[in-house]
Amino acid sequence: MQKMEGRILPFVMVLMAALVATAAMAAARSEPAAQPEPARASPHVLGTVSYWNGDRLEVKTPDGKTEKIAVNKETKRQVEIKTGVEVAVEYRRKIGGFIIAERVLPAAAVQPAAAPAAAAPGSVTGTVVTWNNAVLILKTAEGDINLALSPSTEYRVASLDPGLLVIVDYQEGSDHARLATLVQAAPAAPAPPAETGSEPVQDSKP
């Protein structure tokens, strides 16, 4: 009986170990893979790793400058650091000549800021409804429109009397606001030709 128990006990222990290992593998497969955190709005250095020894790296930036960076156990590494890899290094502070890295991530994770939309130029003709230092309201064929005025707006009119016909050049921004750049009087319409009547020719004979 004791011999049988001695044979069964190791078998049970091996079986339990196998079950624990299988459960651990299933749990690992069920957990989603960790995704790199997106880049935050922190100061960062962008460039190519030129030196790496495990706790210090040097990054050559696009302008040719070399930055010395310290990496410690608290630094989050989201890319394999090795010579020639393009990285972005986020940091909070500098000590001496070293940047203390907070995160090292792929350079592609840092997207350049989108350039602001270019202002679209335009021009409109209309009669002055009213105006003040901030806005000019014109009556046009499409209806009344508002044009923002600024200290840089150029005026080529003596005054903006209501009813005056003017041409306004403007820049339209991404928010569709129209900023007047030039206000000038519209050319006067040519006067219609005077009607000339012909009088009948009188016979000079008596």
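The values are calculated or read from the model by the stated rules, or taken from the named source; none is laboratory data. Note that the structure is predicted; figures quoted are calculated from it, not measured. Positions of Cβ are backbone-derived with ideal geometry, glycine not excepted, and every protein chain shown enters the neighbour counts. Accessible surface is based on the protein model in full, side chains and every heavy atom, while ligands, DNA and RNA are left aside. Shrake-Rupley method; radii C 1.70, N 1.55, O 1.52, S 1.80 Å.
Scanning segment 143-178 for residues that are more than 17 Å from GLY122 (Cα to Cα) and not aliphatic (A, V, I, L, M) yields a total of 6. The residues of segment 106-133 that are over 12 Å from GLN171 (Cβ atoms), surrounded by 10 or more Cβ atoms within 10 Å (Cβ to Cβ) and either among the acidic types (Asp, Glu) or modelled with pLDDT under 90 (or both), listed by number, are ALA107, ALA108, ALA109, VAL110. Filtered by the rule that a residue be surrounded by 10 or more Cβ atoms within 10 Å (Cβ to Cβ) and either in contact (Cβ under 8 Å) with a residue 40 or more places away in the chain or within 17 Å of LEU179 (Cβ to Cβ) (or both), segment 141-155 gives ILE145, ASN146, LEU147, ALA148, LEU149, SER150, THR153, GLU154, TYR155.
Screening segment 42-161 for strands (runs of 3 or more DSSP E) wholly inside it with 3 or more residues that are closer than 30 Å to ALA188 by Cα returns the ranges 120-131, 135-140, 143-148, 154-156.
Checked against the criterion of being open to solvent by less than 90 Å² (accessible area, probe 1.4 Å) and either modelled with pLDDT of 90 or more or in contact with a Gly (Cβ under 7 Å, 6 or more places away or on another chain) (or both), the candidates GLU37, GLU80, GLU86, GLU58 yield just one match: GLU58.
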